[in-house]
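What follows is a set of notes on a single structure, which appears directly below.
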Amino acid sequence: MKYKFPKNFWWGAATSGPQSEGRFNKKHSSIFDYWYDIEPTAFYDQVGPNIASNFYNSYEEDLKMMKSIGLNSFRTSIQWTRLIKNFETAEVDEDGVNFYNNVINQCVELGMIPIINLHHFDLPIELYEKYGGWESKHVVELFAKFAKKCFQLYGDRVKYWTTFNEPIVIVQGQYLSQFHYPNLVNGKKAMQVAYNLNLASAKAIEEFRKGKYNKDGKIGIVLNLTPAYPRTQSKDDLEAADIANMIDNRIFLDTAVLGKYPEGLTQMLEKDGVIWEYTEDEIKLLQNNKVDFLGVNFYQPLRVKKRENKFDDSKGWLPDKYYESYEKPGRRINPDKNWEIYPEAMYDIAINIRDNYENIPWYVSENGMGVHGEEKFMDENGMVVDDYRIQFITEHLQFLHKGIEEGSNCFGYHLWTPIDCWSWKNAYRNRYGLISLDLPSQTKTIKKSGYWFKEAAENNGF
Ligand code: BGP
């Protein structure tokens, strides 16, 4: 075997509550549930989160199927809007408690390590309407209460927790680039929200460590990281990449792993008059509640150049003031998503973590390829023959392997996603799973990549 991975390597896959469960029996709505209710046309084919992949009803068979393709670990998230009845007091909804109990117990029985995430873009709409959601430090407190409740309920069996999935996407989606409700464009609020999300993560970590719920328990965060690649090595492009890196990656990465913001970032935001409101006690809290491990999502590289077109300041301060994105000529792309395919970044990420982030233990918490119209690749038995996905996974694992060989402390690889799931505005347009989903009948069938993954997992390499 050419590529052998470290002992106990995680071969798994990730999904989230809002993208897989469906809204069955949920007593509250998240911002996505609500957005779909008021504007279904914002979603591909007008398909919303109501049924999703039916995981709420079919979790038993689904988890068994995941186990059958060799997954030794699985990440999902607890929906705040399912578990909690009263957000202020964190009083629970019994049906929600039981559902997550059943999911976690079954994972443990099957021998699949559950990794439980606490927030995957699914802010309760009520908390947005009452308090402005993540703009509010009261919501930060409520999140810490919710987190504590999760640790109390499931911490005896769950050893790996993550506080947030891709917090920068909340900032971008809700406050900068208009792809999460309420679709605002407000740079100053965006920066406050980024700060509050860091604070919420640190408060949840503090709760976790106070409770000692499990002697082997560990807590981390999932970040979508990619080094910002400059167009050229010119001073201006390098500076643009440096700033993009601070705003898109380091704003969460440095804070989570090193317990502090990059100095250049806070100076720049102060100079621009968009620095967040903070207290000295909060800064101490961030310093004292660093993560135990990191989950890294990687899909596409970030390529930037210095700003060439004049920045349009009619909407006030925005990070785009400092850089523009750049398309590398001749890049490989996945045309269905228009995302560049650049597996080399896996190695760069591994080395960056090794050299600049204390070689903290980390795993690839998402990587994957969303493809439209996969039924055209089906064979006569209904199996999707997704050789492109096998190729994609193989190449990313090869570069990851090189990073591990050179000492990066990576302990696993999770594909997005085990079973085709609902993708926000894109709904079911692009499919990512190792297992395909026929939406009308909710029939699930293992793809060729599922069989490939099983073999790789069983051999701990390929
Ligand atoms: C990540 C999210 C996932 C998932 C994935 C695929 O950013 O953590 O929730 O959706 O991207 O992207 P998309 O759904 O936009 O195709």
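The values are calculated or read from the model by the stated rules, or taken from the named source; none is laboratory data. Predicted model only: the values in this text are computed from it and were never measured. Backbone-built Cβ (ideal geometry, glycine too); neighbour counts: all protein chains shown.
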Would you mind stating whether residue 35 is surrounded by 18 or more Cβ atoms within 10 Å (Cβ to Cβ) and under 16 Å from residue 154 (Cα atoms)?
-> no
Name the pairs whose Cβ atoms lie under 8 Å apart, with the first residue in the range 162-174 and under 18 Å from residue 244 (Cβ atoms), the second part of a strand (DSSP E or B) and more than 11 Å from the ligand (Cβ to nearest atom), and 6 or more positions between them or separate chains?
-> 167/221
In the range 315-362, how many are outside any helix (DSSP H, G or I), farther than 25 Å from residue 295 by Cβ, in contact (Cβ under 8 Å) with a residue 12 or more places away in the chain and not charged (D, E, K, R)?
-> 5
Only one of 393, 353 is within 16 Å of the ligand (Cβ to nearest atom), of a type in the set (A, V, I, L, M, F, W, C) and surrounded by 21 or more Cβ atoms within 10 Å (Cβ to Cβ); which?
-> 393
Taking residue 78, is it buried (at least 22 other Cβ atoms within 10 Å of the Cβ), in contact with a Lys or Arg (Cβ under 6 Å, 6 or more places away or on another chain) and within 27 Å of residue 249 (Cα to Cα)?
-> no
Considering every residue within the range 285-306, establish whether at least one is without any contact (Cβ under 8 Å) to a residue 12 or more places away in the chain and either farther than 18 Å from residue 241 by Cβ or acidic (Asp, Glu) (or both).
-> no
Taking the options 164, 151, 179, 208, name whichever one is assigned to a strand (DSSP E or B) and more than 20 Å from residue 350 (Cα to Cα).
-> 164
Looking at (1) within 16 Å of the ligand (Cβ to nearest atom); (2) part of a helix (DSSP H, G or I); (3) over 27 Å from residue 443 (Cβ atoms), find the lone condition where residue 37 falls short.
-> (1)
From 166, 135, residue being surrounded by fewer than 21 Cβ atoms within 10 Å (Cβ to Cβ), of a type outside the set (S, T, N, Q) and at pLDDT 95 or above | 135
For residue 365, are the conditions met, namely being modelled with pLDDT of 95 or more, of a type in the set (Gly, Ala, Ser) and either on the phi > 0 side of the Ramachandran plot or more than 16 Å from the ligand (Cβ to nearest atom) (or both)?
-> no
So, in the range 267-284, of the ones that are more than 19 Å from residue 200 (Cα to Cα) and not basic (Lys, Arg), which residue ends up surrounded by the most Cβ atoms within 10 Å (Cβ to Cβ)?
-> 269
Would you be able to say whether some residue in the range 404-426 is within 11 Å of the ligand (Cβ to nearest atom), β-branched (Val, Ile, Thr) and in contact (Cβ under 8 Å) with a residue 40 or more places away in the chain?
-> yes
